[in-house]
Amino acid sequence: MVQYNFKKITIVPPGKDFIDIILSRTQRQTPTVVHKGYAISRIRQFYMRKVRYSQQNFYEKLSTIIDEFPRLDDIHPFYGDLLHVLYNKDHYKLALGQINTARNIIAKISKDYLRLLKYGDSLYRCKCLKVAALGRMCTVVKRISPSLAYLEQIRQHMARLPSIDPNTRTVLICGYPNVGKSSFMNKITRADVDVQPYAFTTKSLFVGHTDYKYLRYQVIDTPGILDRPFEDRNIIEMCSITALAHLRAAVLFFLDISGSCGYSISQQAALFHSIKSLFMNKPLVIVCNKTDLQPLEGLSEDDMKLVMEMKEEAMKTITQAGDPNEEGVLLTMSTLTDDGVMSVKNAACERLLEQRVDVKMKSKKMIDCLNRFHVAVPKPRDNKERPVCIPQAVLEARANAAVKEKKKLERDLENENGGAGVYSASLKKHYILANDEWKEDVLPEILDGHNVADFLDPDILERCEELEREEGLRLEEQAAQEAFEIDGHELTQEQKEILSQIRKKKALLIQEHRMKKRTAESRPIVPRKFDKDRKFTADRMGRHLSSMGVDPSSAMDRARSRSRGRKRERSLSRVAADGDDMEIDGQQSNKKLRLRSRSRSKSRAPEEVIPGEGFKDSEQKKKAIKKAKDATKKRNKDARRGEADRVIPTLKPKHLKDWGKFCRDNLVKGGFCVTTGTDTPLPTLASCVIVAFLIVPIGLCNLFDR
Amino acid sequence: MPQGDYIELHHKRHGRRLDYEERKRKREAREVHRRSRDARKLLGAKGKRFAKKRYAEKAQMKRTLKMHDESTSRQKVDDDVQEGALPPYLLDRDQTQRAKTLSNTIKQKRKEKAGKWDVPLPKVRPVAEEEMFKVLRTGKRKTKQWKRMVTKATFVGAGFTRKPPKYERFIRPTGLRFTKAHVTHPELKCTFNLDIISVKKNPNGPMYTSLGVMTRGTIIEVNVSELGLVTPAGKVVWGKYAQVTNNPENDGCINAVLLV
């Protein structure tokens, strides 16, 4: 069972892009560097690889195209015919055939040029051959670019074909244009087919799904068919004919008995008789639509006769098993008033289901299954009747619901008052306002030179109340402040001044604090060491304190001692002296303050070593420093960066020694001499003798000492 | 037959986005910036392709602009002078024109006698023997060097059989043998794929002609029965000469121009 997933076909690129893709891929995925000096076999291999790679890519891409496009003979005849109707079968096959030949030509080109590349004896010649090979392959693709464009269009169209399953339960709707097929379709399914008053609104097949007896049915809406000889039919009509011919479905033939579609009943009857051969073996239901304009009983004699003739034909299609009830063959309905729509659908689905069940029952497989089924029915216990029990409230509600009238829609109102162009609905009639009389008032847009819209707010009243509350609180506060008196005495002028100053200062501080608090998250607190504005200098503090009438010297000393590094013992003694001083955290390094030499009152000698860091006194620390320096001296002489630096810049520095001569002289045949950085001459006889002489006198001395 | 028109249907029913025109205008305005960024930043093969495309576009734009521009151009106004028109002071004299009409065959015979042929490529670069032949070492110790392998395109003819391998001095490998040539008719300007009948003359020497080596400038004889040419006498012409115009060993094919 082929899946009719035409959406899975890969995109067919246009000719130029195809070439670009393959060539850029070849350039990226194959090695790119080759030089004149390489061995000739390597050069050949390089270029042969490129030619082979391009050919393989072309082959792959063209093969995917050929494989993914469906073969018209391999798919269901409905789709085969539909595709033939839409895109001419011959053109389609020709295009695919061209792609196939192109693929073979490219393979042949690649083979020829690979053979020629074997005789390439220079880089230039191999390169020319590769360029020629790729060029010829690209020309082949350029020549088939019209076919590629055609196939891309087909692919896009095929991907949008409705997904009709040819084997499942299907209901087909057919008839003249404009009889109401699409409206019926919209009523029973969720398909949103365009419904317009002009003919041939539906230009293709549309699918919708509907449910009946817990089974899903496909409903196919076809474009209208005109009564013409078969050869004259255009593509749109051929679509519906194809659908009729190949799908085993229940057919609903729509009749417009009011004639508002523009065609008379006789024309429609003529159409029916011309295509009745297509209705063979299909449950047929004749539906008379638009009964709201013209009821079936009001038809004229001739028209009635035609309709009855059609009904006769339809009766012939009833299967033998089903009892020929006249209800299921000729039905009336109106899609506008929803009258009879459901019964039509039910009739069609029922007939289809019956037919399908009949066919299935007769097949061999069912007989096997049927033998295994057994429906067990409970045996009646006694003869007591047990009818359905419905509570009283539900019955009442049902009765009320039946009585309740349908809600009046705006659309009905519009239709009553003259239609779309005449009546305009009042949009303001559902407004919810405090006073109903305000509904029809006109809202001003500009008031006193301001835009009213700028001041409009849904919760404007609440905001107003909030503001008033705040205002009230503030006023209270102010009153409280003004009423404040110290122990009931009246303040002197001076005191008042001071009080006002204090209050001002306090307000300023509060404001600053609030500002800082507000922006604390967005603005980090700048530490003092980045204080560029010099707001927090000791001098400023001193000035400020003196302006207030306080002696600033002790505070300034304290502040200064915090900013500069001090010996621990000194700071400790200071703490002992001034008990109520503030604690000192430790040495705060402030490079800036250190640079300012005038602020430094006590300076240290250059060689002075402060004890600390685990040393008990200066002497010990001095010794440690000296040891460290001695160690680094040797390293620095060797130009080493540290203990772990073992880099040897040149293994055999020429300026130090003639290493060649050294190696040659010390070369042991069959081995190699080990070279070191320093000169380690092998012990010679002379040195041995000297050593011996040295040893001997020492030994003699020993002798003499005894 | 429209099948994917649900998008248009949606537009018909609900209209477009409220800011559709604005967005469209902005998108089109951004195209300019995108194109300039590509022109500046694309590198490598993509850059070359882009530059080529852009150049073609610009040339086309310039052409259309120039076409639509107003321009003052002066053109020489020529009074048509008819063929054979005489100035007034020479009228009233009988002038007869005499011309010798020679048949094509006579012309060819004369040319052949003179040894001069009017060919499209009169001079070609001479090909050295080192370039033409590759020395093959043979023998037990690979010291004998009397065999040569041809490195250019060759033509051997239908009934060709090799000499016994022990005695053949010039080896013409199968991979380099060609039987067909792409021959262009200089007047019709179209190219045909014609069979080679023989190699007539190789400008590098008679040895190469006898070997059938085809390099640039070689005169070959091709089978033109496809073209359907007929002599004035009524005989069908089935062989004509053509001159090779490319280097077949570099291109893998033989391109020639018919000598008419």
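Residue by residue, here is whether (1) in a helix (DSSP H, G or I); (2) away from chain A (no Cβ under 14 Å); (3) surrounded by 10 or more Cβ atoms within 10 Å (Cβ to Cβ); (4) small (Gly, Ala, Ser) holds:
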site	(1), (2), (3), (4)
B:Leu18	no, yes, no, no
B:Glu21	yes, yes, yes, no
B:Arg27	yes, yes, yes, no
B:Val32	yes, yes, no, no
B:Phe50	yes, no, yes, no
B:Met67	yes, yes, no, no
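Within the range A:123-161, restricting attention to residues that are more than 19 Å from A:Lys16 (Cα to Cα), without any contact (Cβ under 8 Å) to a residue 60 or more places away in the chain and over 40 Å from the mean Cα position of the chain (by Cα), the residue that is farthest from the other protein chains (Cβ to nearest Cβ) is A:Tyr124.
Looking only at residues of the range A:196-210 that are in a loop (DSSP other than H, G, I, E, B) and under 34 Å from the mean Cα position of the chain (by Cα), we find that the one that is nearest to the other protein chains (Cβ to nearest Cβ) is A:Ser204.
Taken over the range B:157-185, the criterion of being of a type in the set (D, E, K, R) and either away from chain A (no Cβ under 14 Å) or surrounded by fewer than 10 Cβ atoms within 10 Å (Cβ to Cβ) (or both) is satisfied by B:Arg162, B:Lys163, B:Lys166, B:Glu168, B:Arg169.
Within the option set A:Ile43, A:Ile22, being within 17 Å of A:Ile109 (Cα to Cα) and either within 11 Å of chain B (Cβ to nearest Cβ) or part of a helix (DSSP H, G or I) (or both) holds for one residue only, A:Ile22. Against the definition (surrounded by 10 or more Cβ atoms within 10 Å (Cβ to Cβ) and touching a Lys or Arg at 6+ places or on another chain (Cβ under 9 Å)), how does A:Leu353 come out, yes or no? Yes: the conditions hold for A:Leu353. Considering only the range B:130-144, state which residues are within 14 Å of chain A (Cβ to nearest Cβ) and over 30 Å from B:Val260 (Cα atoms). The answer is B:Glu130, B:Glu131, B:Phe133, B:Lys134, B:Val135, B:Leu136. Within the bounds of the range B:239-260, is there any residue that is without any contact (Cβ under 8 Å) to a residue 40 or more places away in the chain, in a loop (DSSP other than H, G, I, E, B) and more than 14 Å from chain A (Cβ to nearest Cβ)? No.
A quick yes/no check of all residues on (1) touching a helix residue (DSSP H, G or I) at 6+ places or on another chain (Cβ under 8 Å); (2) within 14 Å of chain B (Cβ to nearest Cβ):
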position: A:Lys7; (1), (2): yes, yes
position: A:Ala39; (1), (2): no, no
position: A:Val51; (1), (2): yes, yes
position: A:Arg71; (1), (2): no, no
position: A:Asp74; (1), (2): no, no
position: A:Leu83; (1), (2): yes, yes
position: A:Tyr87; (1), (2): yes, yes
position: A:Ile99; (1), (2): yes, no
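A single member of A:Val193, A:Val179 is in contact with a Phe, Trp or Tyr (Cβ under 8 Å, 6 or more places away or on another chain), within 14 Å of chain B (Cβ to nearest Cβ), in contact (Cβ under 8 Å) with a residue 12 or more places away in the chain and over 20 Å from A:Leu83 (Cα atoms), and it is A:Val193. Would you mind stating whether B:Val199 is within 14 Å of chain A (Cβ to nearest Cβ), among the aliphatic types (A, V, I, L, M), in contact with a Ser or Thr (Cβ under 9 Å, 6 or more places away or on another chain) and buried (at least 21 other Cβ atoms within 10 Å of the Cβ)? For B:Val199, the condition - within 14 Å of chain A (Cβ to nearest Cβ), among the aliphatic types (A, V, I, L, M), in contact with a Ser or Thr (Cβ under 9 Å, 6 or more places away or on another chain) and buried (at least 21 other Cβ atoms within 10 Å of the Cβ) - is not met. No other residue among A:Arg558, A:Arg566 is more than 60 Å from the chain's Cα centre (by Cα), at pLDDT 80 or above and surrounded by 12 or more Cβ atoms within 10 Å (Cβ to Cβ) apart from A:Arg558. Of the set (1) under 23 Å from A:Asp338 (Cα atoms); (2) outside any loop (DSSP other than H, G, I, E, B); (3) of a type outside the set (D, E, K, R), all apply to A:Ala420 but (2).
For the range A:106-113, the count of residues that are more than 14 Å from chain B (Cβ to nearest Cβ) and closer than 29 Å to A:Leu129 by Cα is at least one. Among the candidates A:Lys213, A:Lys187, the residue that is more than 35 Å from the chain's Cα centre (by Cα), within 19 Å of A:Pro283 (Cβ to Cβ) and more than 14 Å from chain B (Cβ to nearest Cβ) is uniquely A:Lys213. Taking the criterion of being in a loop (DSSP other than H, G, I, E, B), surrounded by 21 or more Cβ atoms within 10 Å (Cβ to Cβ) and not aliphatic (A, V, I, L, M), would at least one residue in the range A:226-240 satisfy it? The answer is no, given that none of the residues of the range A:226-240 is in a loop (DSSP other than H, G, I, E, B), surrounded by 21 or more Cβ atoms within 10 Å (Cβ to Cβ) and not aliphatic (A, V, I, L, M). Within the range A:591-640, restricting attention to residues that are surrounded by 12 or more Cβ atoms within 10 Å (Cβ to Cβ), polar (S, T, N, Q) and more than 27 Å from A:Met556 (Cβ to Cβ), the residue that is modelled with the lowest pLDDT is A:Ser618.
For the range A:432-487, the candidate set comprises residues that are over 30 Å from A:Ala507 (Cα atoms) and among the aromatic types (Phe, Trp, Tyr); within that set, the residue that is surrounded by the most Cβ atoms within 10 Å (Cβ to Cβ) is A:Trp438.
The values are calculated or read from the model by the stated rules, or taken from the named source; none is laboratory data. These numbers come from a predicted model, not from an experiment. Positions of Cβ are backbone-derived with ideal geometry, glycine not excepted, and every protein chain shown enters the neighbour counts.
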